[in-house]
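Have a look at the structure below, then the notes.
The values are calculated or read from the model by the stated rules, or taken from the named source; none is laboratory data. Computed from a predicted structure; not experimentally measured. Here the Cβ positions follow ideal geometry from the backbone for every residue, glycine too, while neighbour counts run over all protein chains shown.
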Amino acid sequence: DAGVIQSPRHEVTEMGQEVTLRCKPISGHNSLFWYRQTMMRGLELLIYFNNNVPIDDSGMPEDRFSAKMPNASFSTLKIQPSEPRDSAVYFCASSFPGTGGFTEAFFGQGTRLTVV
Amino acid sequence: LAKTTQPISMDSYEGQEVNITCSHNNIATNDYITWYQQFPSQGPRFIIQGYKTKVTNEVASLFIPADRKSSTLSLPRVSLSDTAVYYCLVGAEGKLIFGQGTELSVKP
């Protein structure tokens, strides 16, 4: 398996534009996580899905952020409209069912978003 | 979710053993302790997980005392390539919450 695949790797956009980040989890994994990482705030969990259903979106900063998982092999994180403070690295991760504890989560390479 | 506290940074030299301790005083009965490693410009990577006593794999060892209120990640004979941020997470199934992590710098 190629691992968690995110696209694009880099995105530069102007303030006010819509941005869509994409993630393909590892086949067979049923949990998917979206994170945002900045120097100031570290790694923040934005939302996570279990079996394609959003379980906890309490980390989504504002209504400008939305995430979907239409099927087990694809998820999107959309920012509309984007603002300079959204500039960060966005990571997607997936994990598989386990018998207890945290199951190992596999992270993608991330998307570095710059909003100018 | 149990809150974790770990040193912000640590320095070491090549070939030394490095021990990073994490405090988690309010760990729950069902909680596991998991450590991740993150290199610059990469996503975090799972290192090791344990519930009690000692766990060892090809990369590290995890020591957990009987009261489980702390844990220590042990990296034997570190090399320059072990320079990274190490995160301690505590919880059961569900969302993974990362704290500030420990920035380990290995010097020649």
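Within the range B:33-48, is there a residue that is of a type in the set (Gly, Ala, Ser), surrounded by fewer than 15 Cβ atoms within 10 Å (Cβ to Cβ) and within 14 Å of chain A (Cβ to nearest Cβ)? The answer is yes, given that some residue of the range B:33-48 is of a type in the set (Gly, Ala, Ser), surrounded by fewer than 15 Cβ atoms within 10 Å (Cβ to Cβ) and within 14 Å of chain A (Cβ to nearest Cβ).
To keep it simple, each residue is scored yes or no on (1) within 18 Å of A:GLY16 (Cα to Cα); (2) within 14 Å of chain B (Cβ to nearest Cβ); (3) modelled with pLDDT of 95 or more; (4) surrounded by 15 or more Cβ atoms within 10 Å (Cβ to Cβ).
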{"position": "A:GLY59", "(1), (2), (3), (4)": "no, yes, no, yes"}
{"position": "A:PHE65", "(1), (2), (3), (4)": "yes, no, yes, yes"}
{"position": "A:PRO70", "(1), (2), (3), (4)": "no, no, yes, no"}
{"position": "A:THR76", "(1), (2), (3), (4)": "no, no, yes, yes"}
{"position": "A:VAL89", "(1), (2), (3), (4)": "no, yes, yes, yes"}
{"position": "A:CYS92", "(1), (2), (3), (4)": "no, yes, yes, yes"}
{"position": "A:GLY101", "(1), (2), (3), (4)": "no, yes, no, yes"}
{"position": "A:PHE106", "(1), (2), (3), (4)": "no, yes, no, yes"}
{"position": "A:ARG112", "(1), (2), (3), (4)": "yes, yes, yes, yes"}
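Assess whether B:ILE64 counts as being free of Cβ contacts under 8 Å to residues at least 40 places away in the same chain, crowded, with 19+ Cβ neighbours inside 10 Å, aliphatic (A, V, I, L, M) and out of contact with any helix residue (DSSP H, G or I) (no Cβ under 8 Å at 6 or more places or on another chain). Against the criterion (free of Cβ contacts under 8 Å to residues at least 40 places away in the same chain, crowded, with 19+ Cβ neighbours inside 10 Å, aliphatic (A, V, I, L, M) and out of contact with any helix residue (DSSP H, G or I) (no Cβ under 8 Å at 6 or more places or on another chain)), B:ILE64 qualifies. In the range B:12-61, what count of residues is obtained for those that are among the basic types (Lys, Arg) and in a loop (DSSP other than H, G, I, E, B)? Adding up the residues that qualify gives 1.
In the range A:85-97, the residues that are free of Cβ contacts under 8 Å to residues at least 60 places away in the same chain and assigned to a strand (DSSP E or B) reach residues that are buried (at least 18 other Cβ atoms within 10 Å of the Cβ) and not hydrophobic (A, V, I, L, M, F, W, C) with C-beta atoms within less than 8 angstrom, at least six apart or across chains, in these pairs: A:ALA88/A:ARG36; A:ALA88/A:GLN37; A:VAL89/A:ARG36; A:VAL89/A:GLN37; A:VAL89/A:GLY110; A:VAL89/A:THR111. Taken as a whole, the condition of being surrounded by 14 or more Cβ atoms within 10 Å (Cβ to Cβ), away from chain B (no Cβ under 11 Å) and over 24 Å from B:GLN42 (Cβ atoms) applies to A:PRO54.
With the structure loaded, tell me whether B:SER81 is more than 23 Å from A:TYR48 (Cβ to Cβ), part of a strand (DSSP E or B), modelled with pLDDT of 95 or more and polar (S, T, N, Q) or whether it fails that test. In short, no. So is B:THR53 more than 12 Å from every other protein chain (Cβ to nearest Cβ), without any contact (Cβ under 8 Å) to a residue 24 or more places away in the chain, in contact with a Phe, Trp or Tyr (Cβ under 9 Å, 6 or more places away or on another chain) and not hydrophobic (A, V, I, L, M, F, W, C) or not? Yes, satisfied.
Would you check if B:GLN16 is modelled with pLDDT of 90 or more and over 22 Å from B:SER79 (Cβ atoms)? No; evaluated as a whole, the condition is false for this residue.
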